[in-house]
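J.: Structure below; questions to follow.
The values are calculated or read from the model by the stated rules, or taken from the named source; none is laboratory data. Since this is a predicted model, take the numbers as computed values, not measurements. Cβ sites come from the backbone with ideal geometry, for glycine too, and all protein chains shown count toward neighbours. For the accessible areas, the whole protein counts, side chains as well, though only heavy atoms, and no ligand, DNA or RNA atoms are used. Shrake-Rupley method; radii C 1.70, N 1.55, O 1.52, S 1.80 Å.
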Amino acid sequence: MRFAHPAALSGPPIDWAAVDRVLVVRPDNLGDVVLAGPAIRALRAALPTARIDLLASPAGAQVAPLLPGLDEVIEARVSWQQIDPRQVRPDDDTDLVQRLSERRYHAAIILTSFSQSPWVPAYLCQRAGIPVRVGTSKEFGGPALTHWVPAPPDETHQVDRALYVLYRVGVPPVGAELELRVPAAALRAAAGVRHAAGIPDAVGYAVVLPGASCAARRYPASRYTEVTRLLTESGRVVLVVGTDREHDLVREVARDVPGAVPVAGATGVPELAALIADADVVVCNNSGGAHLADALRVPVVVLFSGTEQVSQYGPRTGEAEVLTVPTWCAPCRRFTCPYTMACLDLDPSAVAQAALRLARRPVGVGRGGAPAASVS
């Protein structure tokens with residue numbers, strides 16, 4: 001039996017009818033913001049006329065334009081998400097408190113993973129004068145949270161965790177599926193990327209995303225090259241996509257693979273989402289790309305390292321196959337592996353076969369069902 005601290009949810013019920021300015025706090029990676037989408041949707045359904053803003057990291061802020069229900073994103077490199085103390089300026093939090101204070105929010109919803117604490121952002125929101133502050137934790141932290149929700153089990157999926165927090169304070173869920181809306185401008189930009197790469201509109205393609213936020217989540221580049229080779233040998237065009245910082249990785253994976261098109265640094269998150277939305281299948285690590293594909297209902301093969309639990313972050317909305325190797329050291333939560341990355345010791349042929357099984361269009365059929373043209 002799970003016992004709740006007597007201080008948990010000891011505050012009065014929230015009068016949501018009186019709340020018209022809400023701040024959702026999720027200053028994590030891109031994928032974490034995508035996973036917050038169902039909670040934002042629940043808030044929008046409960047508060048149809050309220051202003052709902054998102055406090056996000058520079059990475060997470062890039063996906064905000066794709067999330068229905070948000071009015072604005074506040075971008076900040078918050079102190080409690082930094083690993084290196086040297087990256088934190090003494091005035092960072094003071095400046096953020098001032099920014100939040102000026103917006104006069106009525107409520108703050110602080111979303112966290114099982115290993116994160118809500119108490120620091122709750123304290124900053126308290127200093128900013130936000131009267132209602134909601135979050136979940138295993139530990140008591142005083143009045144920084146006005147509505148402290150007892151923590152759900154650690155293995156709870158991030159989507160369900162956020163919905164649980166809201167449900168316990170009177171906001172019912174409106175489905176747990178992910179949802180993104182790709183702007184028309186991003187679709188046009190993605191078409192420009194494809195055309196620049198010599199891919200006609202009628203040609204279907206796969207997307208390979210070899211990057212991830214840390215080395216411990218990355219399937220080896222040499223094996224991604226073999227996966228890409230096997231996909232192209234099956235007759236598919238493959239876009240190998242990454243950020244500008246992943247330029248060398250993208251080039252390495254696509255090098256000497258006929259039919260592979262390297263696309264590094266040519267897209268922001270909305271344009272990446274547009275490329276994914278039109279793809280036949282996506283192959284990627286446990287990264288933001290996996291959540292983008294899942295939210296866009298594009299079949300995805302996720303090469304899931306042992307840094308996290310699949311139950312917490314695995315795709316659930318669209319068709320997906322998660323490939324991983326169980327190891328004694330998982331989940332390790334590490335950024336680099338001190339061993340041999342046994343959790344990602346996956347045969348490239350098995351990865352390619354999974355992608356070919358999931359691909360939503362057969363080779364030779366382009367987008368819209370048209371026969372695929374050749375790529376010049």
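J.: Roughly how many nanometres apart are two label points built 7 Å out from the Cα toward the Cβ at ALA50 and ASP154?
T.: 3.2
J.: Let me ask another. Can you give me the angle between helix 184-196 and the longest principal axis of the chain, using Cα atoms only, in degrees from 0 to 90, rounded to the nearest 10?
T.: With rounding to tens, the tilt is 30 degrees.
J.: Between GLN82 and VAL174, with labels modelled 7 Å along Cα→Cβ, what's the label distance in nm to one decimal, could you check?
T.: So the two model labels end up 3.7 nm from each other.
J.: Going by the alpha-carbon gyration tensor, a ≥ b ≥ c the square roots of its eigenvalues, is the chain rounded (a/c under 1.5) or, if a/c is not under 1.5, prolate (a/b greater than b/c) versus oblate?
T.: Details: a/c = 2.06, a/b = 1.74, b/c = 1.18.
The shape class here is prolate.
J.: Taking H as built 1.01 Å from N, whose amide H comes closer than 5 Å to the amide H of ARG21, not counting residues under 5 places away?
T.: Close amide H contacts, sequence-distant or interchain: ARG51, HIS106, ALA107.
J.: Expected output is a single nm value to one decimal: the length gained when fully extending between SER10 and ASP345, i.e. 0.36 nm times separation in residues minus the C-alpha distance. What is it? Could the numbers behind the result be given before it?
T.: Details: separation 335, 0.36 × 335 = 120.60 nm, distance 4.84 nm.
Fully extending the segment from SER10 to ASP345 adds 115.8 nm.
J.: Here is a follow-up. Could you report the accessible area of LEU358 in Å², rounded to 10, computed with a 1.4 Å probe on the protein chains as they sit in the structure?
T.: The value for LEU358 is about 20 Å².
J.: Each residue of the range 261-269 in order: what ³J(HN,Hα) in whole Hz does its phi give by Karplus 6.51 cos²θ - 1.76 cosθ + 1.60, θ = phi - 60°, with x for Gly and Pro?
T.: So the Karplus estimates, Gly and Pro as x, are 10, x, 10, 10, x, 8, 9, x, 5 Hz.
J.: Provide the gained length on full extension for the span GLU72 to GLU139, in nm with one decimal, where the gain is 0.36 nm per separating residue minus the Cα-Cα distance.
T.: Here the segment from GLU72 to GLU139 would lengthen by 21.0 nm.
J.: Of TYR339, TYR164, TYR105, which is the most mobile in a GNM of the chain whose springs link Cα atoms less than 10 angstrom apart?
T.: Result: TYR339 has the largest fluctuation of those listed.
J.: Using a Gaussian network model of the chain whose springs link C-alpha atoms within less than 10 Å, name the residue from GLY175, GLY242, GLY211 with the highest mean-square fluctuation.
T.: Highest fluctuation among the options: GLY175.
J.: Sort THR49, THR336, THR307 from largest to smallest accessible area, using a 1.4 Å probe on the heavy atoms of the protein chains. Walk me through the intermediate numbers first.
T.: Numbers: THR49 130, THR336 80, THR307 0 Å².
Highest to lowest solvent-accessible surface, that is THR49, THR336, THR307.
J.: Report the full-extension gain for the segment THR94 to ARG245: residue separation times 0.36 nm, less the Cα-Cα distance, to one decimal in nm. Write out the running numbers ahead of the final one.
T.: On the way: separation 151, 0.36 × 151 = 54.36 nm, distance 3.07 nm.
Using 0.36 nm per residue and subtracting the Cα-Cα distance, I get 51.3 nm.
J.: May I pose another question? Contact order normalised by length for the range 104-171, with contacts defined as Cα pairs under 8 Å and 6 or more residues apart; what percent is it?
T.: Values: 94 pairs, mean separation 20.0, N = 68.
Rounded, it is 29 percent for the range 104-171.
J.: Would you check the accessible area of GLU177, probe 1.4 Å, heavy atoms only, in square angstrom rounded to 10?
T.: 80
J.: Something else about it: Using modelled amide H (1.01 Å from N, peptide plane; none on Pro or chain starts), what sits under 5 Å from the amide H of VAL73, excluding residues fewer than 5 places away?
T.: LEU54
J.: Give the accessible area for CYS332 in Å² (nearest 10); use a 1.4 Å probe, count only protein heavy atoms, and leave out ligands, DNA and RNA.
T.: The accessible area of CYS332 comes to roughly 50 Å².
J.: Carbon-plus-sulfur fraction of the accessible area of the chain, 1.4 Å probe, in percent?
T.: Working: 8590 of 16240 Å².
After summing per-atom areas, the C and S share lands at 53 percent.
J.: Would you rank TRP80, TRP328, TRP119 by solvent-accessible area, highest first, keeping every protein chain in place and using a 1.4 Å probe? It would help to have the intermediate numbers written out before the result.
T.: Numbers: TRP80 60, TRP328 205, TRP119 30 Å².
From most accessible down to least: TRP328, TRP80, TRP119.
J.: Under a crude label model (7 Å from the Cα following the beta-carbon direction), how far is ALA196 from ALA18 in nanometres?
T.: 5.3
J.: Which of ALA42, ALA350, ALA128 ends up with the largest GNM mean-square fluctuation for the chain, with Cα atoms connected below 10 Å?
T.: Comparing ALA42, ALA350, ALA128 in a Gaussian network model of the chain, the most mobile one is ALA350.
J.: Whenever you get a sec, line up ARG334, ARG133, ARG217 from highest to lowest accessible area (probe 1.4 Å, protein heavy atoms). Intermediate values should be presented prior to the final figure.
T.: Values: ARG334 110, ARG133 20, ARG217 45 Å².
Accessible-area ranking of ARG334, ARG133, ARG217, largest first: ARG334, ARG217, ARG133.
J.: Relative contact order for the range 1-139: what is it in percent, counting Cα pairs under 8 Å that are at least 6 residues apart? If you can, show how the numbers build up before the last one.
T.: On the way: 206 pairs, mean separation 33.3, N = 139.
Computed value for the range 1-139: 24 percent relative contact order.
J.: Next question, about the same structure. Roll a 1.4 Å probe over the protein chains and send me the accessible area per residue for the chain in Å². Walk me through the intermediate numbers first.
T.: Details: 16240 Å² over 376 residues.
Averaged over the residues of the chain, the accessible area is 43 Å².
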